[in-house]
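Student: One structure, pasted below without further comment.
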Amino acid sequence: MIRRTIRRWIRWVHEAVEKDHPVGPQLHHRKMAILNHFFQPGAPVVETGTYLGQTTSWLAAKGFHVHSIEIHEPLYRQAVASFAGNRNVTLYLGDSGVLLPTIIASVGSPAMNFWLDGHYSGGATGKADAYDNPISKEVECILDKRSTGDLEAITLCIDDFRSFSNDPAYPTKEWLVDVATRSGLHWTVVGDIFVMSTARITDA
């Protein structure tokens, strides 16, 4: 009965997302407003998928220290040049699904925010040899670090919720809900972003 209710709720959310955003993802400023609302003030941010650095720049300007991972070397080199001298930005070249455990350990903060948007989008984006989308590995790594006590307070904002269950590179929407529920996290969907957190969630 509970799983049936969850499936109905997810279907309703999916239809709402498609209705509100029929031609694709949200405007950048709306996404930033969502991150600003849910992220823990003062806690470092790990971003997967630096891309052109728009989100990196915005978060750094808000005072967050951003640890941003980019797998595509030309984009990484571009970001290195763009953020030279910016003490709020640390850049990494590689596969986020592989690098995350090391980065979490090296940052060493019990409270962390995560912006997970490291999927392959064609064009000038990159991917790992083994998969197009590292999201499952990313989420599992973060939750594992919490279960071992390396992380205590976490907030994950996961982009492109509309693609879950619809794109073979993504897991299902039910998978997201299940891992959040099993981990005892609060969760919600705002527009095209799935949020799960140790903190209680208020409306954005």
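Student: Could you order the peptides 107-113, 192-198 from most to least packed, using the average number of other C-beta atoms within 10 Å per residue? Mind dumping the intermediate values first?
Tutor: Working: 107-113: 17.3, 192-198: 22.1.
Highest mean packing first, the order is 192-198, 107-113.
Student: Please find the FRET efficiency linking SER136 to ALA81, where r is the Cβ-Cβ separation and R0 is fixed at 35 Å, and quote it to the nearest 0.05.
Tutor: Values: r = 32 Å, r/R0 = 0.91.
FRET efficiency, SER136 to ALA81: 0.65.
Taken together, the values in this text are just the output of simple stated rules run on the coordinates, not laboratory data. This is a predicted model, so every value here is computed, not measured. Neighbour counts run over all protein chains shown; Cβ positions are idealised from the backbone, glycine included.
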